[in-house]
Structure formats: structure tokens, C-alpha cells
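S.K.: Dumping the structure here so I can ask a few things about it.
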């Protein structure tokens, strides 16, 4: 299996992407195509003392940064590592593409280059969301700000298949994020989506209030990309501010300082539980090829895990299963392209 | 000044509402009308050894519970403490109404009985949201699930006036909750609302991402009621689950147990900072009379604080100021009533 890796993405750049790729080769037996500045990649490979033949390098003259307007960057930077990687997947020269670069650009490129599965109106970004019981899959986490009910239905079906095949959760419980648990609650979108989800071939367990999301009662959490992004960012911000507020309290006396010292390892373990980079990358669901967004702060281990995730994604034929399930739905689909 | 209090609402019922009302009389010099089961109220007043003449009791034969469909309950239970209280405000027999009963019913009743200020299309529930720096006002927190951009503009103006007059924050910074900070980010609603807010007579400081909400960088946080309710409930759920997960870690060894013991008071102080009942009740903004929703778990102190808030609300002529500001906006308004 050949996995293409965007060598230039992420906060740690080549340091993480090259090392992670080498670890993946050793552990998973995959072939890797590293895309980016050829010389720098070669240097980094040497530093890692790797001299095997399972890495191919494709030189990329450009890099898409986080500051660029995503769709524009994809259109203009044809020689960027991201556009080259997505084209490899489109042409079938690679089985999957992993990038820790700009989320927006990867989404835009996924749709523009790899394109959507027939019958899928919108592709969604699916994020593993850490909970008390483990992890739930949240989608859409920000790809589609304005959604129709049928998009949410498609997200639910794709999320259910992914959770079953990749996260190994049998008959995953699918919930619709809403502001009340009863049927008939919510806004126009969620009311309509509720009815569609209920009639779908998934284990739909009803609405979930945001209060219950951290409890982990649902395996798949469905919402539009605006709400999904708010949930993701608020979780990040709250965790950070709660830690910093606790720190303030704990530094206020000698007694509490000693207490905090005794709890240091407990805090560390806890932070790890909340850290969603621990739970792998975020797949783009609904595109005709496998595209995985690794977290921007990915280290080598996170990159290796994202490559592993891509491998399992391909092996389990998730895209084919989505195609089958969606084609059985029938109905009219939006033909409008977003770019 | 006469404040009507729903004696029957809240988890603690008469215990909190009667005691809180008596404390308010002593501390604030207001007159109170307690509405509910007359005999029970009288008993509770006796228990509190209050024999002054500043409490009037109005008997109510019915109570609206949290389980009832709000609009239906308001329509049918004409003899409930909530409907009687709202009618007192409408008729001008009371200057304000405070209830810790069903939020939905109070919203429905506020609109149906007290009615909206001329020029206001939708009334919003405004919640004090605890942050690292103090408190921000979040609106709409759940009254309106589907909003137009002009509703958000009205929420922003009302929130700004309330924050300045009641929370004593000069020239409050108003932010639009969005999934990116730049202009042009977000869904159709937020893009349109951005332009309206920018042209309004408020201190609009732009979009705020959910990640930055807990930092307290904005004084007024504007969003539709669906998103607002998600934010509120997720905050509650995350705080609870973070505490329970920390507790698990801390109970895992003797060392960490001792540490947790030493930090007990720090944790307590911290929990208090996060507890939004500490920051007073939630005003209904946009109705022709003053209606305050006290938290369902209100104790006597919280009820007293909500009464105080109602008093300041009336004294500062917030409603008149909203009327002035909105009438200067001009434009067409929805005439459709929601009931």
C-alpha cells in the first residue's frame, strides 16, 4: 500500500513528518511518498539513519500556509505539496494522502481535486472527540457552515460506517446534536434532520444535548459544520482556561502548591485523556479517495498514527461501503460544485 | 418599587423564594408580591419570623412544571403563579417579575403576555457567562432557534445597553460568535449579521471564535439561540465531566489523595468562579416589562440577587433605552406573533 504524506505541513514540519513516515514503514509495512522540498527531506531521512527503499520523494516547489485563503491557494499553487498529494490520490498513484497542513486548504482540495463520492452532496471533516468513556466521532467539524437536512443524514451514515470499520465500535450509536432531547426540539434544520436520521439504516438513538457530549453516550455526533466547529473550539478553550484558572488557585498558598505538586502526574494523565491528537487524525468523509487531516501540532507518533489510520481506512474499503449505502438511499442530489 | 416573585418555581421552591424575598425587602427596600399557594407561603413567612407589611400574597391555584410544553402551559394555566406574575407586569401592578420556574414557559409567557418592545422582532434570553476575567453576557441563550441577521443586531444592541447599565461595564465590547475571526467567515447568518453589527451604534469588536469565549475578551457575546444554548450546555457538561475525570485521577493513589485534600479549598473557590448562578439571573431582553429568569437551582441568596437585578433594571430604565435605540434604527419589522 502506498501512502502519500505532505512532508511540509504541521507545526513541527519535516521533523515530525519524516520521522513519523519512517516509523510507519517499519511498523506497518507501507510504502511512503514524501512530498515537499526534496533536499530537506533527504537530509531529514539521513538524520534518521534510514536507508531502506520504501520511501519515494516527490519534490514540491510550493507550500500552502495556514494564512492563505484555502480555495484560492489550491487553485493557484499547483506545485504545492498538498495539491501534488491530492492529485496522487485522484490518479490512483497513492492509496491515501495524509497532511498536517491547513485544514481549510485540505478540505477545499479534497473536494476540488479528489472530488465527492457519487450521491454525496457534501464531504465532512470528522474529528475524534475525547469523552469520559473514550472517544466519539464528531462531524461535520467545520467543512460545511450551512447545511441541509439531507447533508446531515449523509454525515450520519458516513460517520456510522467509519466508526464501525475504523474505530471498531459495533453498531455505533448515532446522535443528532440538538438543544433538547425530545423529537420536535431544535431549529428547522435539526427537526428535519431528526426525521431523516430516524428513517436511515443506522443505529439512531435520538437527539443529544451538548451537556451530555463529554459523557460519551453517543459514538457518532452529527451536526452542521458551524455548530461542530463551535463545539470543538469551545472544548479546546474551556479545557485551557480551566487549567489556567486552576493553576491560579493552586499557586495561591504554600499548602495548595504542595497539593498541586502531589497531583502533577494525575494532571498529566488527565491532560492526555483530553488531548484529541492522541486519538488519531481527522478523516475527510465523502471524497472519492482517502484523505486524512493530521493535527497541526502532530509529532512523529501522531503522523505515524495518521498513516496507520489511512491504511486501515483503505483496507476496510470504507469508501466503497459509503458508496453502497448512499446509492441505496436514492433521491436527488445537489450537482452544484462548490468551487 | 414592587417586584412580583414566582414563589413556586425552582428546585428549592418556597424555601428559597420566600427567604430570598424577605432578605431583599430588608436589604433593598423593595415591596414584594409573592405568588403561589397562599397557605404554604404564609407558613414559610412565619418560619422566617417575618412580620412586616412589605409582602403581599396572591394565591395561585396552579403551577407550571418543567415537563410541560411551554406555550401550551402558558395558554392553559391561567391561574398559575407564572401567568399571574406576568400579568401583573403587563398591567403595571408590578414593576418586574422574577421566576426560577420553567425557562421555556417564562420565555413563551414573556412574549405572549408581556409582549415585545415596538421594533423588536424577537426577545432574547441573556445569560451571564463566567470567564477568566469575570463575566460576559451571552445572548440569545435559547429563546430563538432560527434567527435572521437583524434579530442578532437587535440582540447586540439590547445586550450592549444591559451590560452598560446593569453590569456597569462602560462602552462594552460586543462580539459576534463565529468560526473565524476575519470578516467574511462563517455561515450565511453570521456573514450578514457581521455587516449589520458593524454599522450599529455599539462598540462592535468583530467576530470571536468559541476558543476565546472563556478568556473573557468580549463583554457581550451575540449568537442565535441554537448556538447559544449549545455553548451554555457544553460549558456545563464539560466543567462537570472535567471535575469528575480529575476526581478519578486524584483518587487513584494515596499521594494524589493527599494532594487533592490540600487543594480542596482551591477547588471550591474555582467551582464558585465557574458557577453562573453566582452572577445573577438571566434577563429576558426585548419584552415591554422586566422579566428575570433566576436559575432553577437558586437558593435564597440567588433569589435575592435576582430581585436586586430586577430593581436595577427598572431604576436604570433599560427598556426605555432599548426603545430609543431601536426606534432610531428604523426599518421594517416582523409583525408575526409567535403564538
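Derivation of every value follows stated rules applied to the coordinates shown; laboratory data play no part. Keep in mind it's a predicted model, so treat the numbers as computed, not measured. Because the Cβ atoms are built from the backbone with ideal geometry, glycine has one as well, and the counts that use them run over all protein chains shown.
S.K.: Please find the FRET efficiency linking residue B:205 to residue B:47, where r is the Cβ-Cβ separation and R0 is fixed at 41 Å, and quote it to the nearest 0.05. List each step's numbers first, then the result.
M.R.: Details: r = 50 Å, r/R0 = 1.21.
Here the calculated transfer efficiency is 0.25.
S.K.: Compute a Gaussian network model of chain B, connecting alpha carbons closer than 10 Å, and tell me which residue from B:41, B:213, B:179 fluctuates the most.
M.R.: Fluctuation is largest for B:179.
S.K.: Along Cα→Cβ, 7 Å out, is where each label goes; now give me the distance between the ones at residue A:171 and residue A:11 in nm to one decimal.
M.R.: The answer from the label model is 4.2 nm.
S.K.: Can you give me the relative contact order of the range A:184-301 as a percent, contacts being Cα pairs under 8 Å and 6 or more apart? Could the numbers behind the result be given before it?
M.R.: Details: 34 pairs, mean separation 10.1, N = 118.
The value is 9 percent.
S.K.: Between residue B:132 and residue B:56, how many nm apart are label points set 7 Å from Cα along the C-beta direction?
M.R.: 5.0 nm
S.K.: Something else now. Report the residue, chosen from B:304, B:47, B:118, that carries the largest GNM mean-square fluctuation when chain B is represented by alpha-carbon nodes joined by springs under 10 Å.
M.R.: Result: B:47 has the largest fluctuation of those listed.
S.K.: Give me the percent relative contact order of chain B, please, defined on Cα pairs under 8 angstrom at least 6 residues apart. Mind dumping the intermediate values first?
M.R.: On the way: 673 pairs, mean separation 80.7, N = 339.
It rounds to 24 percent for chain B.
S.K.: Within chain A, what percent of beta bridges assigned by DSSP are antiparallel, to the nearest 5?
M.R.: Working: 10 of 40 bridges.
Just about 25 percent of them are antiparallel.
S.K.: Then there is this: So for the range A:126-276, considering every pair of alpha-carbon atoms, how many percent are separated by more than 26 Å?
M.R.: Values: 3664 of 11325 pairs.
Roughly 32 percent, rounded to a whole number.
S.K.: Same structure, new question: By count of other Cβ within 10 Å, fewest leading, how are B:112, A:226, A:313, A:155 ordered?
M.R.: Details: B:112 19, A:226 26, A:313 22, A:155 36.
Least crowded to most crowded, the residues run B:112, A:313, A:226, A:155.
S.K.: Quick one: of the DSSP bridges fully inside the protein assembly as shown, what percent are antiparallel, nearest 5? Before the final figure, lay out each step's value.
M.R.: Working: 20 of 80 bridges.
If I count the DSSP bridges inside the protein assembly as shown, around 25 percent turn out antiparallel.
S.K.: One decimal, nm, shortest first: give the distances between the label point of residue A:265 and those of the same position in the other copies, each label point 7 Å from Cα along Cα→Cβ.
M.R.: Between copies, matching label points for residue A:265 lie 2.9 nm apart.
S.K.: For residue A:115, go 7 angstrom from Cα along the Cα-to-Cβ vector, then report the distances to that same point in the other copies in nm, smallest first.
M.R.: Result for residue A:115, in nm, nearest copy first: 5.9.
S.K.: Using only the C-alpha atoms of the protein assembly as shown, find the volume of their convex hull and express it per residue in Å³.
M.R.: Working: hull volume 116.3 nm³, N = 678.
Dividing the Cα hull volume of the protein assembly as shown by its residue count gives 172 Å³.
S.K.: Mind checking the full-extension length gain between residue B:320 and residue B:188? Use 0.36 nm per residue of separation minus the Cα-Cα distance, one decimal, nm. Mind dumping the intermediate values first?
M.R.: On the way: separation 132, 0.36 × 132 = 47.52 nm, distance 3.19 nm.
Length gained between residue B:320 and residue B:188: 44.3 nm.
S.K.: Most exposed first by the Cβ proxy, i.e. fewest other Cβ within 10 Å, how do B:39, B:325 rank? Before the final figure, lay out each step's value.
M.R.: Numbers: B:39 10, B:325 18.
The fewest-first ordering by Cβ neighbours comes to B:39, B:325.
S.K.: At 7 Å along the Cα-to-beta-carbon direction for both residue B:236 and residue B:28, put a label point, then send me their distance in nm to one decimal.
M.R.: Label-label distance for residue B:236 and residue B:28, simple model: 2.3 nm.
S.K.: Can you tell me how much longer the chain between residue B:244 and residue B:79 gets when fully stretched, taken as 0.36 nm per residue apart minus their C-alpha distance, in nm with one decimal?
M.R.: On the way: separation 165, 0.36 × 165 = 59.40 nm, distance 4.22 nm.
Fully extending the segment from residue B:244 to residue B:79 adds 55.2 nm.
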